Amino acid sequence: MRDPRRTAILVTSHPGQRTVEQLEQDATAGRRPRVDYVELAKAIDGEVFDLHRLRAGLPDGRLSSRLIDQPSGRAAAQVWTALRSLGHHDRVVAWADRLGLPLALLAKATRRDIDLVMVSVLLTSPKKRVLLRNLRAHTHLRAIVTPSSVQAAKAVDVLGVPAEKIHHFPQRVDHRFWRPAPDPKSRVISSVGWENRDYSTLVRAVDALDATVEIAVGSVVLGPATSSKAGRSALEALRQTSGYRRLREWEQVFAERPANVEISHQLSHLELRELYERSAFCVLPLHEIDTDNGATALAEAMAMGKAVVVTKTTGQVDILRDGEHGLTVPPGDVRAMRQAIQHLVDNPELAAAMGRAGRAEVERRHTLDGYIDRLTQLLGN
């Protein structure tokens, strides 16, 4: 039964963002995995507030139209619009900290009652610490949902958020799209993603290894393949941000890479699935950090039935179990990473068994359907 209450779902915008209808059509046609906020909107009959919804005309459209043409102003436009729309919606789900926290603080400052649930990615950055610990924005958040147990604990212990407001829902993945394929019996090793990746350690670890290593650098905020003009513009814009400062480091490393390492950029979902399919196993090299960077790629690889060699950081502890779904190595340790990779290359039966165990773990704890069910129940409480 659908929830009769009206829900606004705020999602961040990025270059090349597709409409809810396009995302649904692509997922139905099998061209991409299902999208979490689209599935939630379907489950509760919610209204998605994205860039397209802003442009379609919202309350106080003159302010929104001035803000949304500037990348730095889009979040402000969404937050302002959400506050103005509270008379038309009973509750709000903010699908990002940079939307949920300012909205909570603005509602607090204006003494507006708000039923606000925030789906968080990172709570412990300096700016968010100020909003939560010093300005106590959490007083106007009914719940904070996070896939990271480490971030959940720090929200309570360091930031002072009441424990009853923190909900740890494990990382989700569309296990229908990311699904096992027949064993390729290949010597291809894949590594994918963008945020906090330590490709320097990986490239040094696989030098002269008797296997092909395919690295696919990409991020969801870039949109479709960077071969398009819009894609190149997005990539150039991200080159200027501090959050992607490692790109210059990677470019140097890739320029000097050994012959067995191949690089691609911003693969489509179908191309990425094909890369997983032809891989014997995957590697997720990370720099030390207290967030769960790499969780999306890790869940995808496990859903595809692939063993994973992953850097064991402070934050990446919730999904893979060492020796069962793959192998963990210390941050920045070239020798340990090479030994782990060589061990799986030399023992393909072990890699296959770990891949099967990883797929079973995804089906047990990390399906998108289970995540949406838990979130729907939370919203109904």
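Each of the peptides 292-298, 186-192 was scored by the mean count of other Cβ atoms within 10 Å over its residues; in descending order, highest first, they stand as 292-298, 186-192.
Listed by chain and number, the aspartates and glutamates whose alpha-carbon sits under 14 Å from that of K128, ignoring those within fewer than 8 places in the same chain, are D97.
The alpha carbons of segment 128-208 give a radius of gyration and a Dmax of 19.6, 55 Å, in that order.
If you take all other residues with their beta carbon under 10 Å from the beta carbon of A8, and give Lys and Arg +1 and Asp and Glu -1, the sum is +1.
Where a number appears in this text, it was derived from the coordinates with a stated rule and is not lab data. All of these numbers come straight from a predicted model, not from anything done at the bench. Note that we place each Cβ from the backbone using ideal geometry, even for glycine, and neighbour counts take in every protein chain shown.
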